[in-house]
Amino acid sequence: SDEDGIDNDDNGYIDDGIGWDFVTTSEVFPGDDPGPPDNDPDDFNGHGTHCSGDAAATTNNGIGVAAPGWGCKIGALRAGWTNTSGLGVVGLLEATSAVTYSINHGFDVISMSFGGPGGDPFYFQQALQMAFDAGLILVAAAGNEGSNVPQYPAAEAMVIAVAATD
């Protein structure tokens, strides 16, 4: 671990060996991690941990689940938080920064387990297009409600939409 308070790889992020927390707000639910951005990408309700486990769990060990990406490396990037009302929020400025980080650090896949109706702002669409053009595979949540209302960023043309089923 490079937990020494120094940006050893000179990438602009101090001690980002496991990822980065892009959250900038201080308006969070008690117990959640407010801004400023730091090298602790843990999220309050464990959603990112759950999704990472689904993607990269150890396979063929007879324990728990098997994952399609076993053996892959995960870069944990936090762009969301639980607000003071207890609702999950993703900041699109924070998400844009996370997409840019993914491009600059040579990631292969970006998994965005968030979304909502109404479309994405132009700056976020631009970041997604840059990631797509750089060869990254973009995956996003289409929702688990069985709705036919497009959810973004899953409804963007360059993104693979994923939804739950029973």
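The values are calculated or read from the model by the stated rules, or taken from the named source; none is laboratory data. Predicted model, so just to flag it, every value in this text is computed and none were measured. Cβ sites come from the backbone with ideal geometry, for glycine too, and all protein chains shown count toward neighbours. The protein model used for the area step is the full one, side chains on, heavy atoms only, and it has no ligands, DNA or RNA in it. Shrake-Rupley method; radii C 1.70, N 1.55, O 1.52, S 1.80 Å.
At a glance:
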item: Any hit, segment 143-153, residues being in contact with a Gly (Cβ under 6 Å, 6 or more places away or on another chain), modelled with pLDDT of 95 or more and hydroxyl-bearing (Ser, Thr, Tyr); result: yes
item: Members of segment 34-57 that are in contact with a strand residue (DSSP E or B) (Cβ under 8 Å, 6 or more places away or on another chain), more than 17 Å from residue 139 (Cβ to Cβ) and modelled with pLDDT under 90; result: 42, 43, 44, 45
item: Selection from segment 58-93 of residues that are part of a loop (DSSP other than H, G, I, E, B), over 20 Å from residue 138 (Cα atoms) and not β-branched (Val, Ile, Thr); result: 60, 61, 62, 64, 66, 83, 85, 86, 87
item: Scope segment 62-94; condition open to solvent by 70 Å² or more (accessible area, probe 1.4 Å) and of a type in the set (Ser, Thr, Tyr); matching residues; result: 84, 85
item: Residue within segment 97-109 that is open to solvent by less than 50 Å² (accessible area, probe 1.4 Å) and of a type in the set (D, E, K, R) present; result: no
item: Pick from segment 110-138, criterion part of a helix (DSSP H, G or I) and either under 17 Å from residue 73 (Cα atoms) or of a type outside the set (A, V, I, L, M, F, W, C) (or both), ranking: most open to solvent (accessible area, probe 1.4 Å); result: 133
item: Qualifying residue in segment 45-61 (condition: touching a Phe, Trp or Tyr at 6+ places or on another chain (Cβ under 7 Å), among the hydroxyl-bearing types (Ser, Thr, Tyr) and surrounded by 12 or more Cβ atoms within 10 Å (Cβ to Cβ)); result: yes
